[in-house]
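Structure first, then comments.
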């Protein structure tokens, strides 16, 4: 894990150092834009004969794009952060959204619509997550639990400004779980701890596993109507070292509608599938499952 993190940081540092040889000129080649939003939802009852619980929720989102371009050299960076909670009745606050996503792609154009690339990505979350239907005190996830880091060279096809498709045939992936209890349980695809016949741990599990495979990453960003934008990104990963026929899928879509300069309405979805991640359903059966999340958000936004 330390070695992978060092290589990733070294890549970013070397790239930045090369591009910053002349700071005055280099500054003109960067473009920075972002969006911060705070979204709310509320349900309130008073003497309501049909019954119901008061509910309040808020989700903060922050998106930033930092892009560099000089001739046929490009460096695109995207930071996507979100954290939200909901309060229903007298219950404890429940987390409704939580993500830290960083994508960085270094590109060199070698032909019209085609580029050589090095794609890196980091994904984790801010706070502990719980299975609220079962237990709201024992975390089933947390900060750096899991942490997924990808790094690999590839080729990108970019026919226009709306679409890009990147294929990395040699991608290194590290999944790290910074919680020994979760690691011992085999969470997020780790190999569980070794136990004796009485169930006591004889040997703790490793907190990380390494995967090596191919990754396809596609992204679309398109204005389908005035003040209506569609963003969607699809990541497919095949691990050469573990059941390469079972594809790890991460598909995220955001439909953003801008009411005016400060009010927005967003609909987002995310679908995940990883055959190494075991999920117990309502019938008590454990196995890989298609994970799905959907959010409808109305709130205030600031674009810069």
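Roughly speaking, what % of Cα-Cα pairs in segment 32-144 are separated by over 24 Å, rounded to a whole number?
Numbers: 3083 of 6328 pairs.
Cα-Cα pairs of segment 32-144 separated by over 24 Å account for 49 percent.
Based on the Cβ-Cβ distance of residue 257 and residue 79, what FRET efficiency does E = 1/(1 + (r/R0)^6) give at R0 = 30 Å, to the nearest 0.05?
Details: r = 23 Å, r/R0 = 0.75.
So the FRET efficiency works out to roughly 0.85.
Please compute the modelled spin-label separation between residue 270 and residue 66, points set 7 Å along Cα→Cβ, answer in nm with one decimal.
Going by the 7 Å Cα→Cβ label model, 2.2 nm.
Run through every distinct alpha carbon pair of segment 30-303 and return the Kirkwood hydrodynamic radius in angstroms, one decimal place. List each step's numbers first, then the result.
On the way: mean 1/r = 0.0478 Å⁻¹.
This gives a value of 20.9 Å.
Rounded to the nearest 0.05, what FRET efficiency is calculated for residue 36 and residue 293 with R0 set to 25 Å and r the Cβ-Cβ distance?
Here the calculated transfer efficiency is 0.70.
If I model a spin label as a point 7 Å beyond the Cα along the Cα-Cβ vector, how far apart are those points for residue 87 and residue 246 in nm?
Rounded to a tenth, the inter-label distance reads 4.2 nm.
Using a Förster distance of 51 Å, how high is the FRET efficiency between residue 222 and residue 196, based on the Cβ-Cβ distance and rounded to 0.05?
Given R0 = 51 Å and the Cβ-Cβ separation, E is 0.35.
Roughly speaking, what is the stretch gain from residue 282 to residue 155, that is 0.36 nm per residue apart minus the C-alpha to C-alpha distance, in nm to one decimal?
Working: separation 127, 0.36 × 127 = 45.72 nm, distance 4.26 nm.
Additional length available on full extension: 41.5 nm.
Specify the inter-centroid distance of segment 183-244 and segment 275-304, based on alpha-carbon positions, in whole Å.
Between the Cα centre of segment 183-244 and that of segment 275-304, the gap is 14 Å.
Do the sum for the chain: with -39,500 (n - 2.57) for every DSSP H run of n ≥ 4, divided by all residues, what is the mean residue ellipticity at 222 nm, to the nearest 500 deg cm²/dmol? Before the final figure, lay out each step's value.
Details: 3 runs with 28 residues, N = 304.
Computed mean residue ellipticity for the chain: -2500 deg cm²/dmol.
For segment 150-266, state the average projected area of the convex hull of the C-alpha atoms over all orientations, rounded to one decimal in nm².
The number I arrive at for segment 150-266 is 11.0 nm².
Quickly work out the residue 109-to-residue 135 label distance, labels modelled 7 Å from Cα along the C-beta direction, and quote it in nm with one decimal.
About 5.5 nm, to one decimal.
Take each of the peptides 184-197, 207-220, average the number of other beta-carbon atoms within 10 Å over its residues, and list them starting from the highest.
Working: 184-197: 15.1, 207-220: 18.6.
So the order, starting with the most tightly packed, is 207-220, 184-197.
Where a number appears in this text, it was derived from the coordinates with a stated rule and is not lab data. Keep in mind the model is a prediction, meaning the values are calculated, not measured. Positions of Cβ are backbone-derived with ideal geometry, glycine not excepted, and every protein chain shown enters the neighbour counts.
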